[in-house]
Structure formats: structure tokens, C-alpha cells
Amino acid sequence: MPQAPRRALLVIDVQNEYVTGNLRIEYPPVETSLPNIGHAMDAASAAGVPVIVVQHDAPESSPVFAKGSPGWQLHPVVAERDATRHINKTMASVFTGTDLRHWLSANAVDTLTIAGYMTHNCDAATIYHAAHDGLKVEFLSDATGALPYENAGGCASAEEIHRVFCTVFHSNFAAVTTTGDWVAAVREGRALAADNVYLSNLRARDVKAAA
């Protein structure tokens, strides 16, 4: 019988900046993601899964996440719940400049579940870092979110960014799932699996050929 995953839930940057500040999450809307983040934290705590809350720090002169500002503060959905550990970071990946990897190893965690913001920035950087370091990764697609971009590289809506990153994550780096399905897997001690690059591409080519 396969051994149950030894999970930790990593709740990344659920700060007011993304809800009422200058970087407002658009997709999925926070009316969806925030309750799911709370649900995931409650389910993790009930199951004995460690909950690690992450908070991004920027200089006091920064237009976003200025340390000590209202936007820097954790949103009440997270701030009012218990956490096993609290990590402050200054880079996109939660692993960079922190003791996260040491803590996970010391606590025999082999599967890291990602919730929080943003899908395409701190979540993505952390997912890639964790996967490359040999951890299994899970991504709660309805407990996360993106915002739109326009720059010299192009233009993309929040929905496009979130959908594309979820597709890429599941192709190789993380098992992308809903909060409800993840909670069920936690209760059952069941692992969740990602797909692979070849099959993901093969399905897309088959659909295109059939059109």
C-alpha cells in the first residue's frame, strides 16, 4: 500500500495588497479564493497538516507591500487563523533567503501544497523551486489567483494567465486540483498526481487534428 503523503500547506502572501490595495487579484475573484484559503487552512489544521503562512516584505518606500503598511498586513482570513510557522520573504520564491527547505526536511515533509497569491509570480517561483528540489507539489487552483498584465512583452488577462500557468504546472511541476478535492485527498491520506509534458502535448495535438 502506498505511503500517505507527508504534506505541508504553504499559504503565500495573502495580504491586503491583493484584496483592497494596489495589486487587486482578478481571477479567480477573491470572493472565491479567500473562502477556499480559509477552508484549506482549517482542513489542514484538523488533519494535523502543518500550515506555513508567508508574508512578503518590501521597503517602506515601495508602492506595494511596504513593510508596516495596511497593504502589507495579512488578510484577516489568514491572520485570524492559527499557523504552524510564519515566514517573511523578500523574493518571489519562498525558498530564497529563508529556512523553508531546512524546516521541511526536519519535519519529514515530502509534499508541499500551494495556496495564495499570485499564481504566476510567487506561486510559480516556489512551485518550480520545490519541484526541482525533489518535493512533490500540489496547487489549489481555486485558492490562488492572478491579475492582468500589459507590457512590452505583450498583454494578457488575469484569466488567461491563471489558466495557462495551471496548465503548465500540471504538465510537469505540480498536481493542480481544487480545494474540495484536496481536502478529500487529505482526509483519505491519498496522493495527487501531476501529468507529464508528452501526454499534455499529445492531447492538444489530437484535439487540434480533430478540429
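Residues checked against (1) closer than 28 Å to GLU31 by Cα; (2) surrounded by 13 or more Cβ atoms within 10 Å (Cβ to Cβ):
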residue	(1), (2)
ILE161	yes, yes
ALA184	yes, yes
ARG187	yes, no
LEU192	yes, yes
LEU202	no, no
The listed residue being in a loop (DSSP other than H, G, I, E, B), more than 14 Å from the chain's Cα centre (by Cα) and in contact (Cβ under 8 Å) with a residue 24 or more places away in the chain, out of ASP42, ASP82: ASP82
Residue match in the stretch 91-108 (condition: assigned to a loop (DSSP other than H, G, I, E, B), farther than 29 Å from ALA66 by Cβ and in contact (Cβ under 8 Å) with a residue 40 or more places away in the chain): yes
Among (1) crowded, with 21+ Cβ neighbours inside 10 Å; (2) on the phi < 0 side of the Ramachandran plot; (3) assigned to a strand (DSSP E or B), the one test that THR126 misses: (3)
Residue in the stretch 23-44 that is buried (at least 21 other Cβ atoms within 10 Å of the Cβ) and of a type in the set (Lys, Arg) present: no
Tally, over the stretch 1-25, of residues that are part of a loop (DSSP other than H, G, I, E, B) and acidic (Asp, Glu): 1
Strands (runs of 3 or more DSSP E) completely within the stretch 143-211 that count 1 or more residues being farther than 22 Å from ILE37 by Cβ: 149-151, 154-156
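Values quoted throughout were computed directly from the atomic coordinates according to the rules given, and no laboratory measurement underlies them. Computed from a predicted model, the values in this text were never measured in an experiment. Every residue, glycine as well, gets a Cβ built from its backbone with ideal geometry; the counts of neighbours run over all protein chains shown.
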